[in-house]
């Protein structure tokens, strides 16, 4: 079997800061849900065999194998790794709500990476593993696990993509609020968000990851992938003369 499938762990922040928005504008959470919806629709309409898992952080309860009562709390594997389905799409569109609980995005990445690796280990057909983090980085986080997540991403050959507010290239004052852009509207960033950005930029640089603002990601995700169909050869005989025939395989290009 050719290795042509992708395993994707989507890591979504549902903490309280994701529910903030200027009057009349979408919240970060709703914009993130729109992005996930488009990712799933692309997979479903192209009949992709790629597999997707959904990990939520900031949940009131905890449901992941790394939790021990002290670490990796308020992180839930809402959908284990599987082919994208209408059931998962319905869950994303209708059943995800913000909470009043914050969770560590670094811990959430470790939980997602552990699930991503364990779900694909020993299985054939996977050529790529990807983590997609969607967060406004408004929750508290610790820096004691940074080396762990960086080493895990590198050693497993996983790609890291981040979708969230626009991240400034240079920050002259980490304590001063700066603009945060999502889906066309702008609001000031909190000191916590700017600290999260600085940490996330470090991780992205270490693992050669990519970061996209919501305004960049949503238009790109609007284009559906075409269904991938394996070419089938048409076997026939190429007749040169009555005594000379060559077996050939033909393909039709449309």
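Bear in mind these aren't lab numbers, they're just calculated from the coordinates by the rules spelled out. The structure displayed is predicted, hence computed values, not measured ones. Neighbour counts run over all protein chains shown; Cβ positions are idealised from the backbone, glycine included.
Key figures
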| quantity | calculated |
| --- | --- |
| Distance between segment 89-162 and segment 28-75 - C-alpha centres, whole angstrom | 8 |
| Among 42-49, 93-100, the order from most to least packed when residues are scored by Cβ within 10 Å on average | 42-49, 93-100 |
| Gained length - residue 83 relative to residue 61, 0.36 nm times residue gap less alpha-carbon distance | 5.4 nm |
| Förster-model FRET efficiency, 35 Å R0, residue 155 and residue 41, C-beta, rounded to 0.05 | 0.60 |
